[in-house]
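Nothing in this text is a laboratory measurement; each read-out follows from the coordinates by a stated rule. Nothing here was measured: the structure is a model prediction, and the numbers come from that model. Here the Cβ positions follow ideal geometry from the backbone for every residue, glycine too, while neighbour counts run over all protein chains shown.
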Amino acid sequence: MTTLETPTSLHATRSLTLPQTLQPNDRARDAAISPAQAVQAAARAIPRNVLHPVCSAAAGVAFHPRALLALLTYCYFSEIYSSTDIEDLMLRDANFRNVCANQIPDAPTLRRFRRHNRDVIETCLHAVFRCLAEQAGKHPSETELFEQARLHVTTAVLMDMHEN
């Protein structure tokens, strides 16, 4: 296990324990891990107690903190930043609608989750960037990875500011 400590220059120091590699299972060690698998593994590695829910516990599966974390991490990794664009994407995706029983988080819910969990989203993105960089044989510094994660989340904030 690796303890990630975000540099204080980025935001308040927060330590989270993540697996050294983010392989979804032992059989996948020799196979390439996809960005979606890296996001799932990183989101699962985040302790439940550091996530701040923005909806009631009775809300649909798409509103649970870990689901929102994985969704936003994947979208930001994929350079889909606008909460409205993310909401539209979910509305158009039949598989997502089926899994979530047509209960789709709206853009304000996505923004609220980001506001309350920004540092966790950045940590999750950092883990995904690290995992995929290592898979590609690259070894950027932890500071570079945190800066990359912070840039993606900051871009999402700025995109949403222009929508309002």
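For the reader, a short list of remarks on this structure follows.
- Dipole magnitude for the stretch 33-163: computed about the Cα centre from +1 point charges on Lys and Arg Cβ and -1 point charges on Asp and Glu Cβ, it is near 440 debye.
- Rg/Rh (Cα only; Kirkwood hydrodynamic radius) as it applies to the stretch 99-164: 1.08
- The amide H of ILE33, built 1.01 Å from its N in the peptide plane, has no neighbour under 5 Å, considering only residues 5 or more places off or on other chains.
- In the stretch 61-164, the trypsin sites (Lys or Arg not before Pro) that fall in loop regions by DSSP, at most 12 other Cβ within 10 Å: LYS138
- Rounded to the nearest Hz, the phi-derived 3J(HN,Hα) couplings of the stretch 109-125 under the Karplus curve 6.51 cos²θ - 1.76 cosθ + 1.60 (θ = phi - 60°) are 5, 5, 5, 5, 4, 4, 4, 7, 10, 4, 5, 6, 4, 4, 5, 5, 4, where x marks glycine and proline.
- The alpha carbons of the stretch 33-163 give a radius of gyration and a Dmax of 14.2, 43 Å, in that order.
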